[in-house]
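Structure first, commentary second.
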Amino acid sequence: MSFAVFASEEVLSPDEIYKAHNEISQLKQALEREAVFGEGRLPKEVVDYKERRHNLLYYQLSLTARTLPIYDFIGRPAYRPSHELSDSQVSREVDRLLLLLAHNGIEIAISDPHSNADDRKLYSFLTDLVFKREVKDIRLPGISYSIDYNYYCPDYTHSCIFVADELLTGLFEHDYERLESCLSPHFYINNNPLEDLYQHVIVKFDTYRAYLGKYLLVGWTIEGIDLNENQRKGTVHLALHYGREKNRKPLFTNKGKLVCYGNENNWWFIHQIDLPGLKLE
């Protein structure tokens, strides 16, 4: 049997401490799920039955459980207004509050394109919005609440950068594996979702690679993003660098652009691609 070894907290940064605790929390949830439902050691139909009973118990408790703000649910921790804290203090406070929330079963999802979200914005998000959200005062193994930072605090610029990166990184991967996973959430060309779009897009991508012949897209630069926040529209202007091998100096550069739109849930989609040899709209 092998064990994960963590260094003492004195040699870890706050971010590393949070990530370590997050890994421990995930392991704990997996163990709780095994303990509560028997996952991994009982037949699937038994696990499904135990989970349904667990969900029924939660529903029955929820009928009479009081509702309270998350701030009360996690024990009313002390905190100071953002403007009273230095940048380093804000970072430490964000880590402290994220750990406290996780310990009480409140998961804050901070995924792409905000995985490196500004700590001061995160601090305000936690204290001004998350603390005021209400939850049922129920604590059961395997039950947690999830709040997605991206939904409440969209960053349109980084959303456009993220979908551009997904496209350009995946164009030359074997069998478009990266693009296959991101086509569904990030492409919506000519108002056609994945089912009608996939083969059409793949044919265009194949044509683009044939057009380039032995050249590869070895790098790109985002030269600017024209944003219309009212329309949730972003036009990403690109400089595309081509060469024979990755990680080598490019041999020539072309210009291109992508047009992205965000929907009411702040998910962003590519509606138009205009690169030399590749046009989709």
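Evaluate the following for E229: is it more than 24 Å from the chain's Cα centre (by Cα), on the phi < 0 side of the Ramachandran plot and open to solvent by 40 Å² or more (accessible area, probe 1.4 Å)? It is false that E229 is more than 24 Å from the chain's Cα centre (by Cα), on the phi < 0 side of the Ramachandran plot and open to solvent by 40 Å² or more (accessible area, probe 1.4 Å). Listed by first and then second residue, the pairs with beta-carbon distance under 9 Å, at least 6 apart or on different chains, first residue in the range 47-71 and within 20 Å of H103 (Cα to Cα) and assigned by the TED database to the domain that holds L97, second open to solvent by less than 50 Å² (accessible area, probe 1.4 Å) and assigned to a helix (DSSP H, G or I), are P69/F131; I70/L101; I70/V130; I70/F131; Y71/T127; Y71/V130; Y71/F131.
So in the range 122-137, with the set limited to residues that are in contact (Cβ under 8 Å) with a residue 60 or more places away in the chain and crowded, with 17+ Cβ neighbours inside 10 Å, which one is farthest from the chain's Cα centre (by Cα)? So the residue we want is K136. Note on the range 57-82: residues that are at pLDDT below 90, exposed (fewer than 13 other Cβ atoms within 10 Å of the Cβ) and either in contact with a strand residue (DSSP E or B) (Cβ under 9 Å, 6 or more places away or on another chain) or under 15 Å from D119 (Cβ atoms) (or both) total 3.
The values are calculated or read from the model by the stated rules, or taken from the named source; none is laboratory data. For clarity, every value in this text was computed on a predicted model and none was experimentally measured. Note that each Cβ is placed from the backbone with ideal geometry, even for glycine, and that neighbours are counted across all protein chains shown. Heads up: the accessible areas ignore ligands, DNA and RNA and are worked out on the full protein's heavy atoms, side chains in. Shrake-Rupley method; radii C 1.70, N 1.55, O 1.52, S 1.80 Å.
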